[in-house]
Amino acid sequence: DAKTTQPPSMDCAEGRAANLPCNHSTISGNEYVYWYRQIHSQGPQYIIHGLKNNETNEMASLIITEDRKSSTLILPHATLRDTAVYYCIVRVRGGAQKLVFGQGTRLTINP
Amino acid sequence: DVKVTQSSRYLVKRTGEKVFLECVQDMDHENMFWYRQDPGLGLRLIYFSYDVKMKEKGDIPEGYSVSREKKERFSLILESASTNQTSMYLCASTPGLAGTYEQYFGPGTRLTVT
């Protein structure tokens, strides 16, 4: 699996867009970018995934650069409940695969 | 929405007790997983199941067993609880053998063994 690099922590003001970067320079052609988050003392939560096109769902947007070596998760209007550790993972799709988290980014939303 | 529920949020057991943790999902997913999560060690896979009555060992199966008698239910059993099994236990499910990497997690069970 390609390695990912994320900043250890970020702050964002409530109501503003939170932009979380992820570098995955060794990503291969059949690997997807997945994002999860984990709010303190809760189970991880799937957010979004993409291959090469930008993706949007009710939770977030995912912007993947044209060379696919990096991506950005965007929470358009961050709330206090978005305070969590965010994990970027690069994996091929398919099969019953275990989830492996790196260190992630601890995002703090400030009032 | 996918819903994964776990039988308890918090559990306190004594050393040597047999412990049952139950997980139920309501989306007809084929694959179910049991992880434990500890500070500094991240998520570690204990067992997973890709079908009823089918199971595969994960990375740390020692001291645990599992049961999947019905598609929606996956149980984790600690045969004789020990203090080093104090942890957060997380159940997850995902659809399809040729499926996806979107795993849906339950709220977790924080188990303390004294």
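Values as computed for the structure displayed
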read-out	value
Sole exception among (1) within 14 Å of chain B (Cβ to nearest Cβ); (2) under 18 Å from residue A:39 (Cα atoms) for residue A:81, by number	(1)
Residue satisfying condition, being modelled with pLDDT of 95 or more, in contact with a helix residue (DSSP H, G or I) (Cβ under 7 Å, 6 or more places away or on another chain) and either surrounded by fewer than 17 Cβ atoms within 10 Å (Cβ to Cβ) or of a type outside the set (S, T, N, Q) (or both), within set B:21, B:78, B:90, B:11	B:78
Residues that are among the hydrophobic types (A, V, I, L, M, F, W, C) and facing another protein chain (nearest Cβ under 10 Å), drawn from region B:62-100	B:88, B:90, B:91, B:92, B:97, B:98
Single unsatisfied condition, residue B:109 versus (1) farther than 25 Å from residue A:88 by Cα; (2) at pLDDT 95 or above; (3) β-branched (Val, Ile, Thr)	(1)
Restricting region B:12-22 to residues that are over 14 Å from the mean Cα position of the chain (by Cα) and in a strand (DSSP E or B), the residue that is nearest to the other protein chains (Cβ to nearest Cβ)	B:12
Selection count where residues are surrounded by fewer than 19 Cβ atoms within 10 Å (Cβ to Cβ) and more than 13 Å from the chain's Cα centre (by Cα), scope region A:99-111	4
Any hit, region A:70-86, residues being touching a Lys or Arg at 6+ places or on another chain (Cβ under 6 Å) and without any contact (Cβ under 8 Å) to a residue 60 or more places away in the chain	yes
Tally, over region B:23-61, of residues that are without any contact (Cβ under 8 Å) to a residue 60 or more places away in the chain, within 8 Å of another protein chain (Cβ to nearest Cβ) and under 22 Å from residue B:3 (Cα atoms)	5
Only listed residue being surrounded by fewer than 16 Cβ atoms within 10 Å (Cβ to Cβ) and under 30 Å from residue A:48 (Cα atoms), chosen from B:55, B:3	B:3
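Per-residue answers, yes or no, for (1) over 30 Å from residue B:6 (Cβ atoms); (2) within 14 Å of chain B (Cβ to nearest Cβ); (3) within 10 Å of the chain's Cα centre (by Cα):
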residue: A:3; (1), (2), (3): yes, no, no
residue: A:31; (1), (2), (3): yes, yes, no
residue: A:35; (1), (2), (3): no, yes, yes
residue: A:40; (1), (2), (3): no, yes, no
residue: A:45; (1), (2), (3): no, yes, no
residue: A:59; (1), (2), (3): no, yes, no
residue: A:69; (1), (2), (3): yes, no, no
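A quick yes/no check of all residues on (1) out of contact with any helix residue (DSSP H, G or I) (no Cβ under 9 Å at 6 or more places or on another chain); (2) closer than 21 Å to residue B:108 by Cα; (3) of a type outside the set (A, V, I, L, M):
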site: A:76; (1), (2), (3): yes, no, yes
site: A:79; (1), (2), (3): yes, no, yes
site: A:83; (1), (2), (3): yes, yes, yes
site: A:86; (1), (2), (3): yes, yes, yes
site: A:90; (1), (2), (3): yes, no, no
site: A:93; (1), (2), (3): yes, no, yes
site: A:97; (1), (2), (3): yes, yes, yes
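The values are calculated or read from the model by the stated rules, or taken from the named source; none is laboratory data. Quantities reported herein were computed from a predicted structural model and do not represent experimental measurements. With ideal geometry, Cβ positions are generated from the backbone for all residues, glycine too; neighbour counts draw on all protein chains shown.
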